[in-house]
1. Scanning segment A:113-126 for residues that are surrounded by fewer than 22 Cβ atoms within 10 Å (Cβ to Cβ) and in a loop (DSSP other than H, G, I, E, B), which turns out farthest from the other protein chains (Cβ to nearest Cβ)?
2. If a residue has to be assigned to a helix (DSSP H, G or I), out of contact with any helix residue (DSSP H, G or I) (no Cβ under 9 Å at 6 or more places or on another chain) and among the polar types (S, T, N, Q) to count, how many in segment B:218-277 make the cut?
3. Residues in segment B:142-149: is at least one out of contact with any helix residue (DSSP H, G or I) (no Cβ under 6 Å at 6 or more places or on another chain), surrounded by 15 or more Cβ atoms within 10 Å (Cβ to Cβ), assigned to a helix (DSSP H, G or I) and within 11 Å of chain A (Cβ to nearest Cβ)?
4. Residues of segment B:160-174 being assigned to a helix (DSSP H, G or I) and surrounded by fewer than 21 Cβ atoms within 10 Å (Cβ to Cβ), which ones?
5. Specify which of the listed residues (B:134, B:77, B:118, B:101) is free of Cβ contacts under 8 Å to residues at least 40 places away in the same chain, on the phi < 0 side of the Ramachandran plot and outside any loop (DSSP other than H, G, I, E, B).
6. Has segment A:265-272 got at least one residue that is modelled with pLDDT of 90 or more and assigned to a loop (DSSP other than H, G, I, E, B)?
7. List the number of the failed condition for residue A:188; all other conditions in (1) touching a helix residue (DSSP H, G or I) at 6+ places or on another chain (Cβ under 6 Å); (2) of a type in the set (A, V, I, L, M); (3) closer than 17 Å to residue B:193 by Cα hold.
Amino acid sequence: MQKIVFFKYFLLLLVCCNNSPIVEYCNKFLDIICYNLYIPLAFLMILAKFLTFEEKVAYNGKYADNNDEGIPKVVELKNISKSFDGFKVLKDFNLTVNNGEFLTLLGPSGCGKTTILRLIAGFETPDAGVIIINGKDITRLPPNKRSVNTVFQSYALFPHMSVFDNAAFGLKMSKTPPNELKERVYEVLSAVKLTEFASRKPAQLSGGQQQRVAVARAIVNKPAVLLLDEPLSALDAKLRYQMQEELKRLQETLKIAFVLVTHDQEEALSISDRVVVINDGVIQQIGSPKQVYEEPKNLFTAQFVGDINIFDAHVVDIDNGVVTADVEGYRCAVDNKREMHIGESFKLLLRPEDMRVAKLSESPDTVGLLVGNVELKTYKGATLDSVIILENGKRVMASEYFDEEDEDFDYHINERVSVGWVKGWEVILENEG
Amino acid sequence: MFKRLIIGVSLFWLTLFIFFPNLLVLIVSFLSRDNESLVTAHPTFENYLNILDPIYLKVLISSCSLAFITTLLTLIIAFPFALILSRLPIKLRNLSLLLIIIPFWTSALVRTYCIKIILTTNGLLNQLLMKLSIISEPLDLLYTNGAVVMGLVYTLLPFMILPLYAAMEKLDIRFIEAARDLGAGYFNTLLRVIIPLSAPGIIAGALLVFLPALGLFYIPDILGGSKTLMLGNLIKNQFLDARNWPFGSALSVVLTIIMGLLLALNYKTVRTAAKKGII
């Protein structure tokens, strides 16, 4: 760049010296290049648009509309790969969204869950793979041709339009006649309880109200699937719970599939029909909130969804189907849900609320129990949470409900206690890696 | 103390070089012409009444319309430019901004003479067209309104691009995505989302182009010859050629009032936009 500038000034110097018109032409020519760089640029952009702008809807009969259980599928992602700047976010990703279900994509930030949403919405195109909505291949279709709507994380309400105009935008784009448009806009506005705010501008609304407008705007076109990109993350805790309930109710009345992206495991558990736990672009587990919480299939799911104690253990004895294992140095009976053999090492997973703590002074029998000292106790109102250090230094979290009969239910710090668990509630995982 | 000093210095500067000269212009516009000492202390409204002369009104209207066409053309050219610019990767964006600024490093007068060289009867453009056998005789390109508009557009384009770019850079990509998501094609997204949201930039750019276009006198002088008389040239002629300072001053005052009104309009629209929460 600088060379061009110097060249230009060298030429200008010549202009001053001999006033040759040819030199001036050159200078002018350079100016034109500088100014009109955008013409080739614009041309390239238009060309690029044309190359990616294929509006053909290829109906492909080979994709079945129903899944194994006979529930119709709304969205199917097949072998999707996507990378940004050479970094692979998704690799051979497969996912099915069933008709009318509330599906949550749960994972830490950067795990690719928002990318999945943007692929379904059409803001990104996969490097490989197929996206099918209602049996149609829409992989290359632009966002405005897809019957999918999005509630954005920051809402992205149009600031220059009133609530009514925001909600009416989708209908105006589909050229709905004015009478029907008005009726349907008021329908959705009343569904989110915002009818009296119709003439306000988004800037005049509270965060929760803006959120409702964003939802109203997205459902007005009756999409096949509604995508929600962390829609509640900007709200305070109380409002968030309220909106969770309302979203759930809305989803049940509308009977359209909702796909929610969140990193809040509590939200995922309380709102969804199915939870998809994702890490590093790979599905860790798909299941109902109960399955994901109570029967985690791997350590990531176990640790990401809720608090959990993970104990190292190995089988020491099997007698008549009763498995005795060495758990962190203590001999305990373990419920064997699958075939095990002596010497096999495994992970024993227990939620804090599965733990049962007893004072050694009151029940000195410690057979089959872990023993340790209370390090920390936290009064939580409904529960008493404590951290117990076992003799080998392992920390154990326990969370117990108050027993109304026992008013002295409390521990001293450093008190010696035994720790057990409700038999049958433990989860056994093979050692990973 | 330091703050007061700074304010004092700038106030002094503004008074001496802005307020005082303008006051002089305002006073002179109410005085009469004198052949020997340029101005005599004989108060009159004649200068303003002279402006109402159809000849001068015509100049006023034609320069306003030329400035308007210039503004429109720069807007049409600059809008896609700024839009693309604001969506480029940051490195390319800075380079492109540099490319916009670079022509400024050359004197505008020199650049205008360059346009003259291109457009003149034996100039680059005519020679090229004749070499390509598109025309057999040179076209009269120079000394037309078209040449003046071309010169103005060329010179003032950056003043349109930069405010538009500033407005569009602030425009959240999510608004565009939301519009697309709700079923808007490219045209509707542009019409209903991008243009309304970059309105403050459009207004600012239009003013930054329209006002200088009214007042720039050397471009119509060089490219328009004697055929195109714009307000700026008229004022310049009154001061330098006709030696009628009071009339020139009256014309200046009128031009200043037009600009002031437009700026007030801009201020008002920007404030309403701010109230609506666009900015």
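1. A:126
2. So the count comes out to 1.
3. No, every residue in segment B:142-149 fails to be out of contact with any helix residue (DSSP H, G or I) (no Cβ under 6 Å at 6 or more places or on another chain), surrounded by 15 or more Cβ atoms within 10 Å (Cβ to Cβ), assigned to a helix (DSSP H, G or I) and within 11 Å of chain A (Cβ to nearest Cβ).
4. Hits for segment B:160-174 are B:162, B:166, B:168, B:169, B:170, B:173, B:174.
5. Criteria check complete, one pass: B:118.
6. yes
7. Residue A:188 satisfies all of (1) touching a helix residue (DSSP H, G or I) at 6+ places or on another chain (Cβ under 6 Å); (2) of a type in the set (A, V, I, L, M); (3) closer than 17 Å to residue B:193 by Cα except (3).
Here's the yes/no breakdown for (1) under 19 Å from residue A:113 (Cα atoms); (2) surrounded by fewer than 18 Cβ atoms within 10 Å (Cβ to Cβ); (3) out of contact with any strand residue (DSSP E or B) (no Cβ under 7 Å at 6 or more places or on another chain):
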{"site": "A:227", "(1), (2), (3)": "yes, no, no"}
{"site": "A:231", "(1), (2), (3)": "yes, no, no"}
{"site": "A:243", "(1), (2), (3)": "no, no, yes"}
{"site": "A:246", "(1), (2), (3)": "no, yes, yes"}
{"site": "A:251", "(1), (2), (3)": "no, no, no"}
{"site": "A:258", "(1), (2), (3)": "yes, no, no"}
{"site": "A:266", "(1), (2), (3)": "yes, yes, yes"}
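The values are calculated or read from the model by the stated rules, or taken from the named source; none is laboratory data. In this text the structure is predicted, and so the values were computed from the model without any measurement. Because the Cβ atoms are built from the backbone with ideal geometry, glycine has one as well, and the counts that use them run over all protein chains shown.
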